[in-house]
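See structure below.
The values are calculated or read from the model by the stated rules, or taken from the named source; none is laboratory data. Quick caveat, the model's predicted, so the values are computed rather than measured. Ideal geometry is used to build each Cβ from the backbone, glycine not excepted, and the neighbour counts take in all protein chains shown. What goes into the accessible areas is simple: the full protein's heavy atoms, side chains included, and nothing from ligands, DNA or RNA. Shrake-Rupley method; radii C 1.70, N 1.55, O 1.52, S 1.80 Å.
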There are 2 protein chains.
Amino acid sequence: VRLLEKPPPHLYNAHVMNTSEESLSHTADTLAIVGVGLLGGSIAAAAKKRQSVRKVIGVGRQPARLEGARARGWLDAVTDDLAAAAREADLLVFCTPVQQIVAGVCQAARACRPGTLITDVGSVKGPICGELERGLPSGVEFIGSHPLAGSEKQGFEFADAELFRGRMCVLTPTAGTSRGGLDRTARFWRSLEAHIVEMSPQDHDHALAETSHFPHLAAAALAATLCAEHRPFAATGFRDTTRIASGDPELWTQILLQNRAEVLASLDKYAATLRDFRRALADGEAETLKRLLEQGKQNRDALA
Amino acid sequence: VRLLEKPPPHLYNAHVMNTSEESLSHTADTLAIVGVGLLGGSIAAAAKKRQSVRKVIGVGRQPARLEGARARGWLDAVTDDLAAAAREADLLVFCTPVQQIVAGVCQAARACRPGTLITDVGSVKGPICGELERGLPSGVEFIGSHPLAGSEKQGFEFADAELFRGRMCVLTPTAGTSRGGLDRTARFWRSLEAHIVEMSPQDHDHALAETSHFPHLAAAALAATLCAEHRPFAATGFRDTTRIASGDPELWTQILLQNRAEVLASLDKYAATLRDFRRALADGEAETLKRLLEQGKQNRDALA
């Protein structure tokens, strides 16, 4: 596990860090983005802006829906034919809901030319990387990615060419991952100005359960307890604390289920902390309560 | 209980709504602000900017500390002599930590001239209004206020003359509250562009436990569970969800203790909802999980 806010060059594969080479060359010729929503649209916008690739193909079930993204110059072509896009692309990024990624990658891989690289933006990596570790056609490689960027908003209309700038993108290689494929994947994300952290799919899922998946559940539960008559009293504190609860319930149901064991472990850890708070409050233990609040403040202030 | 985002004139006391009269007259002559932090400083700045009062006196234990607020034109005088300020003022606003308000008001009231009005900005109203309902000198009236505005930041350096604009200010009259005093209090807050809601101290504490006090505890508990090695993975979602955990632990210890029974009730309601989520997740009940997430989203979206 490498946990680096901005990995210094010597800690990362040296030839990947040849930035002059990177800035002068495309990271791929033809990029296919499968699922052009907020993230897919932002990848397209970011890649076109930085000339990371020559051509971007948007793949969606309703190509007409994507004409707006083409009109903005983010996509060069739109199609609902995944196989046709896979035949043409040398890099595919899957931005579909997590539970659809494995099937989509398998379907696309059958049409890919040898040397094609496939990655994704799925929020859970263990099940996806585990299932795709083997079984893909020879010469086609899948490597998991998770850019830690996004929004509770949905649709390419909210896409942002700067969404990945300065953000972490986690790559989750497995035993069978090639060094060359990993370098290409890293180069692509770095061309969008993300910085790269490598870790195992399992370590990723453990960390993200605590920092993203369970917090979503906690925020949704808090929002769910608010009764309608108290809504006028929900000021900025409540609004911030529950903002992410506006995320798509279908999407988050799948994320939580795909990372079930880790999210349950985070939930239990949180419930134990809540019990500590409850006991201190019920017993009027001001010092204990203050100490617990201080621990929260210290952790939060450390992020700022 | 009146729950109105922007109370239409006919629902509020008619003569208070005579805005032409309000805008032409001071709401008080001399305002004393006891405790000039973020809220007290913002009241001073807002009142001076709008000429709500003629003179503003800042009362603090370290008057030298308040010279910066005087230099900015928010205060006309600074003192550590509460009795002297109380003798001079016709309106006092207590912005001290909740557990200090009752003693401060009692001390000030002994020095006040008859006709002086005292209010506060305390986040918990039951204990304060209960204790101050009787026992003040004749002619001196205390009426509880709680402007729903603030920040996790501390100090008058973060004061904002627009902090109350468009925000709700809850007034919590009790059986002994005079109509005239209530109108004066409302007029003062409305001169800072807050809008007024009246409710009992008990209803206030019930609503605020759910929308502010318990959410603070929940956010602090979530921040407290974050282990140091996972900090780099805490993206905007985690940061927003835990922002309020940066609030002052001492201040929040007192708020939680002052509203203990209501906060415990909110905590228990939340813990029950968490258990519903846990069961759905553990059992892989996608539909139940989605329904729970949808309930959170609906409530959250209703605030936007």
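Taken over the protein assembly as shown, the convex hull of the Cα atoms encloses 170 Å³ per residue.
Percent of Cα pairs in segment A:177-304 per distance bin of 5 Å, from zero to the largest separation: 2, 8, 12, 15, 17, 18, 11, 7, 4, 3, 2, 1.
Computed from phi, the 3J(HN,Hα) profile of segment B:100-116 under the Karplus parametrisation 6.51, -1.76, 1.60 (θ = phi - 60°) reads 9, 5, 4, 4, x, 5, 4, 5, 5, 4, 5, 9, 6, 6, x, x, 6 Hz, with x in place of Gly and Pro. Here the simple spin-label model places points 7 Å from the Cα toward Cβ, and for residue A:87 and residue A:157 these points are separated by 3.5 nm.
Residues of B:204-215, mean number of Cβ from any other protein chain within 10 Å of their own Cβ, rounded to a whole number?
Details: counts 1, 0, 2, 7, 3, 1, 9, 12, 7, 1, 5, 13.
Per-residue shielding by partner chains comes out at 5.
Between copies, residue B:227 shows label-point distances of 4.0 nm, shortest first, with the point placed 7 angstrom from Cα along Cα to C-beta. When only the Cβ of Lys, Arg, Asp and Glu is charged (+1, +1, -1, -1), the dipole of chain B relative to its Cα centre reaches about 380 debye.
Any chance you could list the semi-axes, whole Å, largest first, of the equivalent ellipsoid that the Cα gyration tensor gives for segment B:29-97, using √(5λ)? Walk me through the intermediate numbers first.
Values: eigenvalues 44, 38, 23 Å².
Ellipsoid half-lengths, sorted descending, are 15, 14, 11 Å.
Globularity index of segment A:85-177 is 1.10 (Cα radius of gyration / 2.2 N^0.38 Å, N = number of residues).
Counting from the shortest, the label point at residue B:139, 7 Å from Cα toward Cβ, is 9.9 nm from the same position in each remaining copy. Shown in residue order for segment A:49-58 are the 3J(HN,Hα) couplings computed by the Karplus curve 6.51 cos²θ - 1.76 cosθ + 1.60 at θ = phi - 60°: 4, 9, 6, 5, 9, 7, 9, 10, 10, x Hz (x for Gly and Pro). Once B binds A, the 1.4 Å probe can no longer reach about 7900 Å² of accessible area, counting both sides.
Once you've got the Cα coordinates, tell me which of B:153/B:290; A:290/B:269; A:48/A:297; B:153/B:269; A:290/B:290 are over 32 Å apart. Could the numbers behind the result be given before it?
Numbers: B:153/B:290 36 Å; A:290/B:269 23 Å; A:48/A:297 41 Å; B:153/B:269 29 Å; A:290/B:290 36 Å.
Cα-Cα > 32 Å for B:153/B:290; A:48/A:297; A:290/B:290; rest within.
Using θ = phi - 60° in the Karplus curve 6.51 cos²θ - 1.76 cosθ + 1.60, the 3J(HN,Hα) couplings for segment B:85-91 round to 5, 5, 5, 8, 7, 10, 9 Hz; x is entered for Gly and Pro.
Once the Cβ-Cβ distance between residue A:291 and residue B:285 is put in as r, and R0 is 60 Å, what FRET efficiency do you end up with, to the nearest 0.05? Walk me through the intermediate numbers first.
On the way: r = 37 Å, r/R0 = 0.62.
Working from the Cβ atoms, E equals 0.95.
Between residue B:92 and residues 5 or more places away or on another chain, which pairs have amide H atoms under 5 Å apart, with H built 1.01 Å from N, and which residues are they? Correct list: B:32, B:117, B:118, B:119.
Over all residues in B:259-270, what is the mean tally of Cβ atoms on other chains that come within 10 Å of each residue's Cβ?
Numbers: counts 1, 5, 2, 0, 4, 4, 0, 2, 7, 1, 3, 6.
Rounded to a whole number, the mean comes out at 3.
For chain B, the spread of Cα positions along the three principal axes, ordered from largest to smallest, is 67, 45, 36 Å.
Under unit Cβ charges (Lys, Arg +1; Asp, Glu -1), what dipole magnitude, rounded to 20 debye, does segment A:96-185 have relative to its Cα centre? Intermediate values should be presented prior to the final figure.
Numbers: 9 positive and 9 negative charges, 53 e Å.
For segment A:96-185, the charge dipole is close to 260 debye.
Between copies, residue A:283 shows label-point distances of 3.5 nm, shortest first, with the point placed 7 angstrom from Cα along Cα to C-beta. When the Cα positions of A:236, A:273, A:62 are compared along the charge dipole of chain A, A:62 comes out farthest toward the positive end, with charges on each C-beta of Lys, Arg, Asp and Glu.
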